[in-house]
Each structure stands twice: as C-alpha cells, then as structure tokens.
Amino acid sequence: MNTANIMTIIGFVTVATIFFTTIIIGIYLFMIDKRQKQHPILRNYPLLGRARYFLEQIGPELRQYLFDSDLEAKPLSRKDYKNIVKSAKYKRDVIGFGSQRDFEEAGFYVRNSLFPKLAEEMELNKDEKVTTNRYILLKNPLFTQRKEKLEEDTSINYLLNDKDVIVIGKKAKYPFKVKGQIGMSAMSYGSLGKQAITALSKGLGIAKGTWMNTGEGGLSKYHLKGDVDIIMQIGPGLFGVRDLEGNFNWDALLEKSKIPQIKAFEIKLGQGAKTRGGHIDAEKVNEEIARIRMVKPFHSIDSPNRFREYDDLPSLFQFINQIREYTGKPVGIKIVVGSHLEADDLAKNMKELDHGPDFITIDGGEGGTGASYQELSDSVGLPIKSALPLVDHALKKHDIRDQVTIIASGKLFTPDRVAIALAMGADLVNIARGFMITVGCIQTLQCHSNACPVGVATTDPNYRRRLLLMKKNIEQLTI
Ligand code: SF4
C-alpha cells in the first residue's frame, strides 16, 4: 500500500471518528436534556436549548462591543468610559466634529459667560505642578495591539489659594483644610484589591490637594501607601473600630485618629443600595481582612442596616459630638436623600440643637455599589441632581449652610458634571467609578463576584495579579 492510500485511510478514519463521536455526544446530551427536570426549555428543546444559555452569557459583551450605541450603555456609556480613559491614560480630552448629545432632550446645561476670565486672571494657585506619566498613542492597528510609548508629563495643579481653602469642621480641634475640590468616594479594601487601593492612594498622593475615602471596610495599610489625606468611613458594621462582638471600640478609634493622614471621619447612614445592610461570605474574610475589619477570620459577616449607637437625629448628633471630642477631627455623615422632609428635618435639628455633622456627603441614588440588590440599586433614594438642592436649600433656610460642607457624589466623573454639582450647592465632589476606570476597570459588572477580570475589584490573588501597577503611572511599587 502506498503512502497516499495510507493517508486517505487515516483521514477517513479521523473524520469518521469525529463524526460518530459528535453524534454520540449529541445523543447523550439530548437524552440528558430530555430527562432532566430542572429546565423546561431543555426538556422541550433538548440540545438546541443550550444555545440560549450560551447567548445569554455572551449577551452583555456583544452589546458592549457591538450593538449598544456610544451613548446608551449603563451605568456608564461607552462615550463616558472612553472619555475617562482618554483623560487618565493619554491626558487627551478633545473630541472632533461636535457633541453627540441629544439637544432636544431636557437636561442640565452650564451657563457660559460673554467675558470669561483669562487663565492668568483665575484666582487659583498655579504654582503647584504635578509630574506623572502619560501614554502617547503611536499606532492603533485593527488586528494587533496598540503601540504606545510612556513619557513624563508635567501639568499645573490648579489648587485653591490659601485664602479660599475649604475648611471642613471649623469647630473641630483639627479642621480638615481642602485645596482641591475632587476626591475619591468610599471604596473599601476588600471590595477593591490591594493593587487597586495602592494605585489609587499613590495616584491621589501625586495629585495633591485631594482625599481618599476608605469606605466602610476600615483603614488598610494600602490606603496609606501614597501621601494622600484620608476620610475614614465608619459603617453600621463598625469595621476597624469595633471589638470581636461588634461593640464600638473607642480605643481603636483613638488609635486611628492619631494617624496623621486621617483627617476626618464619616458616618455612613441612610444607605440607598444597602438599605438591607451588608453581607460578606466567610471565604472572603481572610486573615488580613479580618484583622483590618476587626472581625473573626473565615466567618461570614452580616452588618446591620443602621447603627445601634443611635436611632434619631439628637442621638446621632450626640454620637458625632463624642467622636469629634474624642478624636479632635471633623465628623461627617454620608446620606442618600429620600425626600425634602428628611433634608429639612436634618437642618432644623442642627439649628435647634446647635450640633450636627461637619460635612454631609450626599450620594445620589445612581451612585455605584460593589454588591447590592437590583431593586435597591434601581429604586431607593433620589438622584443627586434632585437631592443636592434639597439639602443645600434646607441648610440655607435654617441659616446653617456656612457651618456644613456638602460633598456630592453620583456619576459626577466629568468636569461639566462637577461644575453642575458645584453650581447646585456642592462644595466638593466625590468620584468612585471614574477612579476605578483609571486603574483598569472595563465595566464587566462582576464586582460582587470576586472574579473581576482585570484584578481591580477582587481579593483573589489569581485575578489581582493581572493588575500591573507599573503601567498605571506608578514608576515603582511595593505592596
Ligand atoms: S472590571 Fe468588572 S468586576 Fe472589575 S471593577 Fe470593573 S465592573 Fe467591577
């Protein structure tokens, strides 16, 4: 038998084997699908019904990359996402041809001026410079990786002058003076991995004049890696300021307050997306997270939806006073506003009792959260553009606006949105998801699963390792 015949027989046998194996596997799966009792669709359409699960799985990616228009995807449209990446990575934020906004739709617009200030007339400190790195896009081929080069870049920081600094907690022993108007919203270590928290801490430290909110997960050593001011958030779970039984631990609070980078404390209440409290599965509570949060390792944690330390405004104010007196540092609250009645009640009580928070962080109902229920995320709490004027108005009505700093958050990740929030009553603005995108988030919406594909929102070392901080504008990083 010659070689050609041998090759023909081998080819025939291979094709026949593949064919019959496929048929046998198909029949086997067909029988399994037909007999199983869990999925009616598979009983009715054995084998074929499996295509549905596959398409369902890849649907979000197909929509994200192929079918959604640049303006319609949520939570952030492709346009918004690209805008953040272009500003953060390439330091380029210009567009060509014109806006894609639908100008027929109602919305907010920034009032322009016929005689705007020249750059040199702006009353800002232009002496502070920030030196960081940016990518220059050299080539953007269709089928291969982009070619980019990293280069050093220095720009003006535009901080507030000393006479204009925003003072949070004028009555506190150690007021918090803020020179920049944008900071990082609450994002806990545990929700984000150590690479992400470290990158943000270092990046914000380089930016200067800004701040970082720890989120309710407590202060980790990664928050302290950069030289950035910190607002330590305390949630109803009291993570980082509790004993193992869950009681408030004043000694732990005092210890934290002695860390010079901690400039203020924020009590988280009136939660929108976490109205039912929080839950962390036991496997996520590793030794390190347990130590930071002051809980038992490898035990699941259920945090209540309200502090046990107070149950109305006078007792809340009492609690705030205690913390302020004990630490000497300003104390604020983070709220999601439900109606004008609550805003008015808060301001009225502050006036009558002559007590209250040094700052109020108002989170819009559209604000992000690492893990919550769909219904709560969708429906609880007013959006920021409704909530902000209510609180600002209530504080002005009761003549206490000058005693309180308002920090606004809720998708305020572009300069025009920041400007609108400042015009509507905010003194400062917090950003969370915008910062997540700057460190690599690609919006897969898997933050709750601990399987973030880019290693941002995960504590799993296998996923975390994918986030290389060398490439995120940090020259050398030790974690
Ligand atoms: S990439 Fe996905 S899982 Fe990771 S932070 Fe972004 S949205 Fe969350």
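Relative contact order (percent) for region 162-471, with alpha-carbon contacts under 8 angstrom and 6 or more residues of separation?
19
What does the extension gain come out to for Ile32 and Glu375, with contour length at 0.36 nm per residue minus their alpha carbon separation?
Using 0.36 nm per residue and subtracting the Cα-Cα distance, I get 119.9 nm.
Size of the dipole of region 118-195 about the Cα centre, Lys and Arg at +1 and Asp and Glu at -1 on the beta carbon, nothing else charged, in debye to 20?
Numbers: 14 positive and 11 negative charges, 106 e Å.
With Lys and Arg at +1 and Asp and Glu at -1, about 520 debye.
Which is the longest part of the chain that has none of the chymotrypsin sites (Phe, Trp or Tyr not before Pro) sitting in a DSSP loop with at most 14 other Cβ atoms within 10 Å?
Answer from the scan: 144-297.
Rounded to the nearest 5, what % of DSSP beta bridges with both residues in the chain are antiparallel?
For the chain, the DSSP antiparallel bridge percentage is about 40.
Along the principal axes of its C-alpha atoms, what lengths does region 11-73 span, in descending order and rounded to whole Å?
52, 38, 11 Å, listed from the longest principal axis down.
About its Cα centre, what dipole magnitude does the chain give when the only charges are +1 on Lys and Arg Cβ and -1 on Asp and Glu Cβ, stated in debye to the nearest 20?
Computed charge dipole of the chain: roughly 1440 debye.
For the chain, with the dipole built from +1 on Lys and Arg beta-carbon atoms and -1 on Asp and Glu ones, taken about the Cα centre, which of Val13, Leu412, Ile320 lies farthest toward the positive end?
About the Cα centre, the residue reaching furthest to the positive side is Val13.
Greater than 24 Å separation of Cα atoms is the criterion. Which listed pairs, Lys74/Lys208; Lys171/Lys396; Lys258/Lys396; Lys89/Lys147; Lys256/Lys334, meet it?
Pairs exceeding the cut-off: Lys74/Lys208; Lys258/Lys396.
Using 0.36 nm per residue, how much length does the chain from Arg306 to Asp399 gain when fully extended, once their Cα-Cα distance is taken away?
Answer, rounded to one decimal: 30.6 nm.
Which log10 I(q)/I(0) values does the chain give at q = 0.06, 0.08 Å⁻¹ under the Debye formula, counting every alpha carbon as one identical point scatterer?
-0.34, -0.56
Between Glu120 and Lys82, take the C-beta separation as r, use R0 = 30 Å, and let me know the FRET efficiency to the nearest 0.05.
My answer for the efficiency is 0.40.
Would you mind checking region 60-74 for residues with the amide N under 15 Å from a putative spin-label position 7 Å along Cα→C-beta of Phe143?
The answer is none, because no backbone nitrogen lies closer than 15 Å to the label point.
For every helix of n ≥ 4 consecutive DSSP H residues, a contribution of -39,500 (n - 2.57) applies; sum these over the chain, divide by its total residues, and give [θ] at 222 nm rounded to the nearest 500 deg cm²/dmol. Could the numbers behind the result be given before it?
Values: 14 runs with 156 residues, N = 479.
So the calculated ellipticity at 222 nm is -10000 deg cm²/dmol.
Using DSSP to define loop residues, name the GluC sites (Glu not before Pro) in region 207-268 whose beta-carbon has at most 14 other beta-carbon atoms within 10 Å.
Values: sites: Glu216, Glu245, Glu255, Glu266; in loops: Glu216, Glu245.
Hits after loop and neighbour filter: Glu245.
Tell me, what are the semi-axes, in whole angstrom and largest first, of the equivalent ellipsoid of region 285-342 as set by the roots of 5 times the Cα gyration tensor eigenvalues? Walk me through the numbers on the way to the answer.
Working: eigenvalues 155, 61, 22 Å².
In descending order the semi-axes read 28, 17, 11 Å.
For region 1-132, rounded, prolate or oblate, judged on the Cα gyration tensor with a ≥ b ≥ c (square roots of eigenvalues), a/c < 1.5 rounded, else prolate if a/b > b/c?
Cα axes put region 1-132 in the prolate bin.
Values quoted throughout were computed directly from the atomic coordinates according to the rules given, and no laboratory measurement underlies them. This is a predicted model, so every value here is computed, not measured. Cβ sites come from the backbone with ideal geometry, for glycine too, and all protein chains shown count toward neighbours.
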